[in-house]
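Report on the following structure.
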Amino acid sequence: MPLKKSGEVWAGNLIAAIAARRTVDLWRVIHGLGIPQVGAASAKDLAARFRSLEALAAADENALLTIEGVGEKTAKAIRAWLDEPAHRALIGELQTVGLATRAATDAGGEQRGAVRRESVRAHGHAAHADARGSDGEDRGGRGKVSGSVSRKTSYVLAGEEAGSKLDKARALGVPVIDEAEFQRLLGGG
């Protein structure tokens, strides 16, 4: 307020900006906590399974192990982090100051598109192939871009000159789709 002329406007804008950021995606909060072994993909999986910080904090190792991609080492690391008194206090403080979280869903509460818990590998000269693969994460909230082709891969998004990964996908019986089919799966036409 001691700023001349613009102090009131500046303070009002700052307060409005803080209020606007009090509601964030739960996975972003989980990722931002810096829990060992938890990257963005794991944070999304934890958010989808537990739907609140309170539920995550109460989860035991067995509940953590039910999440795809969470093994014993990761479950132990998460549980150890959550058991730390300073970290529990941090979670409590976030709730006290009014942080609200939301799940990665659309306005109707349903996840968009067919790519929900799918693993997609983009290969070849599909326009921005890796960016197209990340659409499964961004637009549907639950898709996963895979670094390799395996039996767990749901689809291979193949463009021109897809190479050996395309051959591997066919050998494993993994469906191969083009960009148009991928967009249809996402619900984008």
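The values are calculated or read from the model by the stated rules, or taken from the named source; none is laboratory data. Just so we're clear, the structure is a prediction, and the values are computed from it rather than from any experiment. Cβ: placed from backbone, ideal geometry, glycine included. Neighbour counts: every protein chain shown.
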> Does the range 31-53 contain at least one residue that is in contact with a helix residue (DSSP H, G or I) (Cβ under 6 Å, 6 or more places away or on another chain), assigned to a loop (DSSP other than H, G, I, E, B), surrounded by 12 or more Cβ atoms within 10 Å (Cβ to Cβ) and in contact (Cβ under 8 Å) with a residue 12 or more places away in the chain?
Replying inline: yes
> Looking only at the range 50-69, which residues are charged (D, E, K, R) and within 21 Å of Val24 (Cα to Cα)?
Replying inline: Arg51, Glu54
> So which of Leu56, Leu94, Leu26, Leu90 ends up being touching a strand residue (DSSP E or B) at 6+ places or on another chain (Cβ under 8 Å) and modelled with pLDDT of 80 or more?
Replying inline: Leu26
>> With the requirement that a residue be outside any helix (DSSP H, G or I) and touching a Leu at 6+ places or on another chain (Cβ under 8 Å), what does the range 67-88 give you?
In response: Ile67, Val70, Gly71
> Would a scan of the range 101-108 turn up a residue that is crowded, with 16+ Cβ neighbours inside 10 Å, of a type in the set (S, T, N, Q) and at pLDDT below 80?
Replying inline: no
> Mind checking which residues of the range 54-66 are part of a helix (DSSP H, G or I) and under 23 Å from Ala100 (Cα atoms)?
Replying inline: Glu54, Ala55, Leu56, Ala57, Ala58, Leu64
>> Step by step: first the residues of the range 59-80, then only those that are hydrophobic (A, V, I, L, M, F, W, C) and at pLDDT 90 or above, then the one that is farthest from Glu93 (Cα to Cα). Which residue is that?
In response: Leu65
> In the range 1-23, how many residues are surrounded by 10 or more Cβ atoms within 10 Å (Cβ to Cβ) and at pLDDT below 75?
Replying inline: 2
